[in-house]
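Notes follow once the structure below has been shown.
The values are calculated or read from the model by the stated rules, or taken from the named source; none is laboratory data. All figures in this text were calculated on a predicted structure; none of them were measured in a lab. Here the Cβ positions follow ideal geometry from the backbone for every residue, glycine too, while neighbour counts run over all protein chains shown.
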Amino acid sequence: MIGSESKYRPRIGITTYYQEGSWGVWRSVASIVPGPYLESVAAAGGTPLLLPPVGTDTSVLDLLDGLIVIGGVDVDPQFYGADRHELTSSQPSRDEHDIALTLAALERGLPLFGICRGAQVLNVALGGTLIQHLPDVTSTAKQYQPAPGQYGEVRFAVVPGSRCASLLGEQASSPCHHHQALDDVAEGLVVTARAADGTIEAVETTGENWVLGVQFHPEENRKDARLFEGFLAVARRFADTRDTESRPADEADPDREDALLS
């Protein structure tokens with residue numbers, strides 16, 4: 001196994017927004033990723049690679065060691081067979097891209113980390129549904145989304161023995177900005193964290209492949225990098241296993257061998 005001091009930095013694909021942005025004197029449509037996602041991956045030892053929802057090609061995942069599906073606008077209800085709520089705001093082309101990458105990652109056994117919208121995409125991709133407007137179902141929703149452009153904070157209980165618990169323990173908190181949340185959980189996923197009002201805060205698969213979706217925003221908590229560090233550790237192991245299986249017995253990679261011996 002490559003140690004934490006390895007020169008190799010796992011290559012982590014990160015989905016993006018694709019909408020109007022500005023830089024210098026320019027304003028145009030752009031591929032956008034909030035900096036905290038990139039900084040969190042880099043700080044945990046990974047190399048972030050952006051995957052904008054333009055020219056979707058799932059074969060790019062063969063070059064990666066992990067995938068993060070980030071937060072953003074609502075998932076369009078057409079993808080889970082629901083009528084549109086009046087406050088739902090979506091970008092179907094981005095949904096198609098993120099769902100395609102999510103399913104391709106699952107098929108490959110690629111480590112997958114869904115954050116906020118990413119957890120919702122994971123659930124919808126596997127056949128689950130969403131609550132389109134949390135204030136419709138819980139009186140405590142204001143704490144999750146206190147104001148536009150402002151994060152709330154959520155405390156949640158974590159199921160013992162889960163991947164989430166192995167990294168965060170059985171009680172944790174995080175910045176959040178919930179508008180929607182998971183409703184019917186897809187077959188193949190299990191709930192591993194909930195807020196006090198029952199809002200689902202984490203889901204994961206029960207198989208060997210590392211898949212975790214969280215409703216909250218761990219990238220916004222600079223003092224707690226445990227989820228990103230855990231994800232990068234798994235991505236590094238994935239890279240080790242893939243390269244070992246694909247490399248002919250008579251070939252050697254000096255940098256990797258040095259790392260394996262460290």
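Could you list, in sequence order, all residues of the range 10-27 that are small (Gly, Ala, Ser) and touching a strand residue (DSSP E or B) at 6+ places or on another chain (Cβ under 9 Å)?
Scanning the range 10-27 gives Gly13, Gly21, Ser22.
Of the residues making up the range 108-144, those that are in a loop (DSSP other than H, G, I, E, B) and in contact with a strand residue (DSSP E or B) (Cβ under 6 Å, 6 or more places away or on another chain) are Leu110, Pro111, Val137, Tyr144. Out of everything in the range 153-183 that is in contact with a helix residue (DSSP H, G or I) (Cβ under 8 Å, 6 or more places away or on another chain) and either part of a loop (DSSP other than H, G, I, E, B) or modelled with pLDDT under 95 (or both), what residue ends up being surrounded by the fewest Cβ atoms within 10 Å (Cβ to Cβ)? The residue in question is Val159. Of all residues in the range 105-149, those satisfying the criterion of being at positive phi and touching a residue at least 60 places away in the same chain (Cβ under 8 Å) are Gly109, Cys116, Gly127. Where strands (runs of 3 or more DSSP E) fall entirely within the range 1-102, those with at least 2 residues that are within 19 Å of the chain's Cα centre (by Cα) and touching a residue at least 40 places away in the same chain (Cβ under 8 Å) are at 11-15, 17-23, 66-69.
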